[in-house]
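The structure appears below as structure tokens.
The values are calculated or read from the model by the stated rules, or taken from the named source; none is laboratory data. Note that the structure is predicted; figures quoted are calculated from it, not measured. Here the Cβ is made from the backbone with ideal geometry for all residues, glycine too, and neighbour counts use every protein chain on show.
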Amino acid sequence: MNFGNGKYEAWQKIQTEKITPDAVITMVEQSGLRGRGGAGFPTGKKWRLMAAVTGNQKFVVCNGDEGDPGAFMDRAIMEQYPHTILEAMCIAGYAVGAHQGVIYVRAEYPDAVTALQTAITQARANGILGKNFDIDIRLGAGAYVCGEETALMNSVMGKRGEPHPRPPYPTESGLYGKPTMINNVETLANIPNIILHGPANFPNTKIFAVSGAVQKCGLVEVPIGTTIRDLVENYCGGAKPGHVIKAVQIGGPSGGCVPAHLFDTPLDYDSLKQVGAILGSGGLIVLDETTCMVDFAKFFVQFSASESCGKCTPCRIGTKKMQAILERLTKGQGTPADLIQLRTLGEQIMATSLCGLGQSSPNPILSALNHFQDEFQAHLQGICPAGACFHGYHITDKCVGCGLCAKKCPVGAIHGELKQRHQIDPAVCVKCGLCAKNCPVHAITGGNH
Ligand SMILES: Cc1cc2nc3c(=O)[nH]c(=O)nc-3n(C[C@H](O)[C@H](O)[C@H](O)COP(=O)(O)O)c2cc1C
């Protein structure tokens, strides 16, 4: 990462060379910078729209909420380059005609808060802040939905961190009903270099927070367009010894997974969309054969269900229903109808939820279902190819209803009519495996087999 030396050189350049707000916006447009907070909206276009809005009071907001599990690139930037964020916000305020900035940062990032607070005090003492433009910090309480811009603004205003439908967009009616422009931390961190070195020299890199089944995890900064294969194999050292990488999950709870046969896909906004994932804010989890895709999908839906603010029904209830289906599947109690229902529910939640949380929460599940259909199907047969699910036993539809298993079961956990598929009560089963051993048609799976 090289986001400058904190000497406000880009800001000084604008002042000494009398670069107009319009020219600043043109430079940002020419750089091709797109928002790093998830949606990838062109930053110059956002600034141009905001500059065109008239109003005696406007706000610029830096979004440092960073709620994606496993993501910590914004945290690193705020801790290491706090002055760069302030400088970028001064430039943004100048370009769009705002005099007040707000940095929204989660309270779980105490070092980032201290770094930013110290930098604000220094910048005020040096006359950079406080005259034409000033910045305040607002702390978030760690709700994922508060990274969504309309919920964020409610939280800044001391209201409940719930989203509202757009329009109105923040640039029309934002904080306290005034035009407000929201940019992500990493997006802003690129601004001083664009001004200082010119848009043609903007390297257009993206920082990824890589975790999971690779030899080297951590923050990796690569040019946008680098292939997944290059990132995983060359930058991160490839699979751990004796293992085989089968997929990456990109974009956190709004993102999707990309299977290994598509690893030549470039890490850019449009290519990832084509394979059912998103660049998102940069969380990237590498998965090998020991991860069960059904179980993995369950983790993400659990996250979305617990982080749903509850304001709209599709997200509040729909994510819980998806979670229940995935729980059944990972217990070996799923049915073919569950897979159909999972897809239908996912599509409905996406189409009808109020904000981006609900609209994107089915993505990790649907992309796992699309790319790893065989693993989902195997779970219907009581098989978890990764060996992660089914710590108990399950009677599959091969059962001929002979009743031998029920006779052999020492605790009476198996029930069923003769010539009908039998059932095991998981609450009673002691997982001795006698049923599976004695089944004449090998209809009983489980115990990780
Ligand atoms: C559920 C949800 C959570 C989000 N969390 C963040 C976040 O933590 N940080 C962030 O910058 N953007 C987040 N966003 C995107 C913001 O709403 C907004 O698009 C972004 O801050 C705009 O900045 P950018 O144009 O620089 O990307 C989130 C969106 C959704 C739907």
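With respect to (1) closer than 21 Å to K46 by Cα; (2) surrounded by fewer than 24 Cβ atoms within 10 Å (Cβ to Cβ); (3) within 13 Å of the ligand (Cβ to nearest atom); (4) in contact (Cβ under 8 Å) with a residue 40 or more places away in the chain, the lone exception for R166 is condition (4).
Against the test of being assigned to a loop (DSSP other than H, G, I, E, B), more than 16 Å from E87 (Cβ to Cβ) and at pLDDT below 95, the options G158, G142 yield a single qualifying residue, G142. Scoring N126 on the criteria (1) closer than 14 Å to G6 by Cβ; (2) surrounded by 20 or more Cβ atoms within 10 Å (Cβ to Cβ) leaves a single failure, condition (2).
Only residues that are outside any helix (DSSP H, G or I) and surrounded by 22 or more Cβ atoms within 10 Å (Cβ to Cβ): list them for segment 36-66, please. Listed by number, the residues that qualify are R36, G37, G38, K58, F59, V60, V61, C62, N63, G64, D65, E66.
Residues in segment 1-53 that are among the small types (G, A, S) and within 16 Å of the ligand (Cβ to nearest atom): S31, G32, G35, G37, G38, A39, G40, G44, A51.
The set of residues in segment 339-376 being surrounded by fewer than 19 Cβ atoms within 10 Å (Cβ to Cβ), touching a helix residue (DSSP H, G or I) at 6+ places or on another chain (Cβ under 8 Å) and farther than 29 Å from Y169 by Cα consists of L339, Q341, R343. Note on segment 407-431: residues that are surrounded by 17 or more Cβ atoms within 10 Å (Cβ to Cβ), among the aliphatic types (A, V, I, L, M) and out of contact with any Asp or Glu (no Cβ under 8 Å at 6 or more places or on another chain) total 1. In this structure, L188 does not satisfy being aliphatic (A, V, I, L, M) and assigned to a loop (DSSP other than H, G, I, E, B).
Can you give me the ranges of the helices (runs of 4 or more DSSP H) entirely in segment 342-411 with at least 1 residues that are more than 30 Å from S254 (Cβ to Cβ) and not polar (S, T, N, Q)?
Qualifying helices (runs of 4 or more DSSP H): 404-408.
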